[in-house]
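Here's the structure, in structure tokens; my notes come after.
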Amino acid sequence: MPDVLFYADEPDPGPWVEALQRALPEGRIHQWAPHHAPLCTYAVCWKPPAAFFAGQTALKAILNIGAGADAVISDPNLPVTVPVVRLDDAGMAPQMEEYVAWCALNYLRRFDDYARAQRAAHWERLAPRSRAAFSVGVMGLGVLGTRVAAFMRLLGFPVRGWSRSPKAIDGVVCFTGDDALAAFLAGTDMLVCLLPLTPATRGILNARNLASLPRGAAVVNIARGGHLVEADLIALLDAGHLCGATLDVFAPEPLAADSPLWRHPKITVTPHISAMTLADESMQQIADKIRRLERGLPVAGIIDRARGY
Ligand SMILES: NC(=O)c1ccc[n+]([C@@H]2O[C@H](COP(=O)([O-])OP(=O)(O)OC[C@H]3O[C@@H](n4cnc5c(N)ncnc54)[C@H](OP(=O)(O)O)[C@@H]3O)[C@@H](O)[C@H]2O)c1
């Protein structure tokens, strides 16, 4: 019977524990507390506190309640040899598709320009943009990026993608590696960041890369706040090189009330909701992975710590 140590940085973790217990009835779930941390064989966690892993010498795997494992793998107390397993989709991909479709239609049809015009009681019909000439560029063609790219194709946008290793996705022009980044950016009218946060990708949405986008391009960051150099984005928006940005993730979160991002007329802010982790779907996936691990079977989504994702 697996003993599972559970911690989720949530206002009320109760429903998450109940969902895991329902999905893993044969397991004993222990909700971590400073004086309640029995020796366990699995850890299921999201942004655990510093003491979470203390004394946990029997762990067989750490299951991260999220697709991005940057928070847990940068934890200095993380046991060195225990595999860390991430969520694969678990209901997040359809939400990402919806969010990016909303952004693409917003910038294509210039609805954000019309929203600003309405606030100024200004009546003006702007030149339409053609969908066939509005290219969506997805940075990161992993579990989520691939789904977003395919969905944008379904909606009739030209789509290009960029990743570390070569990809072949029907109807998507794929670029690989640092040498191809400038060419990828040069043909992208709406840039979507779906990269993991690693030493190689931190600050990648910077002045040099954003200036490589064509004039009038839009930026959508739905990965991690650490990808974006905020001052560089604001400078390029103010200079008119970029037409707008939609930001769902920030460093740190929650976004400070005095951040200029809240009030910038060309920036749309959402509170890290582009793909919310769903309790039932994610706990079911984690339970299935624990069962496979117990039977000695391979599981998807093991983090390569050297690569950082
Ligand atoms: N805002 C939200 O609500 C939310 C929700 C879920 C996830 N996220 C974020 O979304 C990220 C992506 O999730 P995912 O499940 O799609 O991750 P994933 O499956 O690990 O895919 C990551 C993709 O990024 C590429 N990549 C990584 N480092 C690169 C580099 N240095 N240069 C070029 N490409 C690089 C990978 O290339 P290869 O294919 O060649 O390995 C892969 O295609 C997560 O890490 C998380 O930060 C945000």
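The values are calculated or read from the model by the stated rules, or taken from the named source; none is laboratory data. What you see is a predicted model; the values in this text were computed from it and never measured. Here the Cβ is made from the backbone with ideal geometry for all residues, glycine too, and neighbour counts use every protein chain on show. Note: areas computed on protein heavy atoms with side chains; ligands, DNA, RNA excluded. Shrake-Rupley method; radii C 1.70, N 1.55, O 1.52, S 1.80 Å.
The residue that is nearest to residue 82 (Cα to Cα), among those in the range 290-309 that are within 11 Å of the ligand (Cβ to nearest atom) and charged (D, E, K, R), is 304. Residue 246 meets all of the listed conditions (1) of a type outside the set (Gly, Ala, Ser); (2) away from the ligand (no atom under 15 Å from the Cβ); (3) out of contact with any Lys or Arg (no Cβ under 6 Å at 6 or more places or on another chain) but one, namely (2). Only one of the listed residues (160, 131, 116, 153) is open to solvent by less than 70 Å² (accessible area, probe 1.4 Å) and away from the ligand (no atom under 16 Å from the Cβ). That residue is 116.
Restricting attention to the range 258-289, and to residues there that are touching a strand residue (DSSP E or B) at 6+ places or on another chain (Cβ under 7 Å) and free of Cβ contacts under 8 Å to residues at least 60 places away in the same chain, which single residue is farthest from the ligand (Cβ to nearest atom)? Across the range 258-289, the extreme among qualifying residues is 262.
Can you list the helices (runs of 4 or more DSSP H) found entirely within the range 177-295 that contain at least 2 residues being buried (at least 20 other Cβ atoms within 10 Å of the Cβ) and not charged (D, E, K, R)?
Qualifying helices (runs of 4 or more DSSP H): 181-186, 230-238, 279-294.
When restricted to residues that are more than 21 Å from residue 131 (Cα to Cα) and charged (D, E, K, R), the range 172-194 contains 2.
Look at the range 196-211: where a residue is more than 16 Å from residue 138 (Cα to Cα) and a partner is open to solvent by 50 Å² or more (accessible area, probe 1.4 Å) and within 8 Å of the ligand (Cβ to nearest atom), sitting 6+ places away or on another chain with Cβ atoms under 6 Å, you get 198/309.
For (1) within 16 Å of the ligand (Cβ to nearest atom); (2) at pLDDT 95 or above; (3) open to solvent by 10 Å² or more (accessible area, probe 1.4 Å), each residue gets a yes or a no:
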residue: 58; (1), (2), (3): no, yes, yes
residue: 66; (1), (2), (3): yes, yes, no
residue: 70; (1), (2), (3): yes, yes, yes
residue: 79; (1), (2), (3): no, yes, yes
residue: 86; (1), (2), (3): yes, yes, yes
residue: 91; (1), (2), (3): yes, yes, yes
residue: 98; (1), (2), (3): yes, yes, yes
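Test residue 195 against the stated conditions and say whether it is modelled with pLDDT of 95 or more and more than 8 Å from the ligand (Cβ to nearest atom). Give the steps one after another, and end with the answer.
Numbers: modelled with pLDDT of 95 or more: yes; more than 8 Å from the ligand (Cβ to nearest atom): no.
No: the conditions fail for residue 195.
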